[in-house]
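Trainee: Quick one: this structure, given as structure tokens, is what I'll be asking you about.
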Amino acid sequence: MAYKKMAGTCAVFIDENDSNSSAQERDGLVWSAAELHVQEIPAQLTRKEPMQNSLSLEGLEDYDPPSHGDVRLMQCVNSDFVYIAPAKAWVQYQSR
């Protein structure tokens, strides 16, 4: 699986083929699942409050720092994103 960084963010990644986001929302570079440590997503996730968009997710660092395995719904694309601490990134997540 391959991911693209969401435009305007430093650490929010979406499936490069996601149909709920526009091409303008995805930056050009492609990141592999291995580069984002997707294999390290824990089996037990911690559901947190939904966020409106990718900028809201990134803003959490200031007032509610994420922990490895936190998962939040990003409402603008109606998809879950999990925080992967080794990558220091939020990555779109489809349950296994």
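The values are calculated or read from the model by the stated rules, or taken from the named source; none is laboratory data. Everything numeric here is computed off the predicted structure, so don't read it as measured data. Areas reflect the complete protein model, heavy atoms only, side chains present, ligands, DNA and RNA absent. Shrake-Rupley method; radii C 1.70, N 1.55, O 1.52, S 1.80 Å.
Trainee: Would you calculate a helix-derived [θ] at 222 nm for the chain, using -39,500 (n - 2.57) for each DSSP H run of n ≥ 4 and dividing by the full residue count, to the nearest 500?
Mentor: Numbers: 1 runs with 10 residues, N = 96.
Rounded to the nearest 500, it is -3000 deg cm²/dmol.
Trainee: Pop out the carbon and sulfur fraction of the accessible area of the chain as a percent, whole number, probe 1.4 Å.
Mentor: Values: 2560 of 5310 Å².
Here carbon and sulfur together make up 48 percent of the probe-accessible area.
Trainee: Further question on the same structure: Using a 1.4 Å probe, how large is the accessible area of TRP31, given in Å² and rounded to the nearest 10?
Mentor: That residue has around 80 Å² of solvent-accessible surface.
Trainee: Next question, about the same structure. Report which label in [x] 113; [y] 90; [z] 141 holds the value of volume of the Cα convex hull per residue in Å³ derived from the coordinates of this structure.
Mentor: Among [x] 113; [y] 90; [z] 141, the one calculated here is [y].
Trainee: Related question: For the chain, report the accessible area per residue in Å² (1.4 Å probe, heavy atoms, rounded to an integer). Walk me through the intermediate numbers first.
Mentor: Values: 5310 Å² over 96 residues.
Solvent-accessible surface per residue comes out at 55 Å².
Trainee: So what is the relative contact order of the range 1-92, in percent, for Cα pairs below 8 Å that sit 6 or more residues apart? Before the final figure, lay out each step's value.
Mentor: On the way: 168 pairs, mean separation 27.2, N = 92.
Relative contact order of the range 1-92: 30 percent.
Trainee: How many percent of DSSP beta bridges within the chain run antiparallel, rounded to 5?
Mentor: Restricted to the chain, the bridges split so that about 75 percent are antiparallel.
Trainee: Compute the Cα gyration tensor for the range 48-96, then decide on rounded, prolate or oblate, letting a ≥ b ≥ c be the square roots of its eigenvalues: rounded whenever a/c is under 1.5, prolate when a/b is larger than b/c in the other cases, and oblate in all that remain. Write down the numbers at each step before the final one.
Mentor: Details: a/c = 1.79, a/b = 1.07, b/c = 1.67.
Verdict is oblate for the range 48-96.
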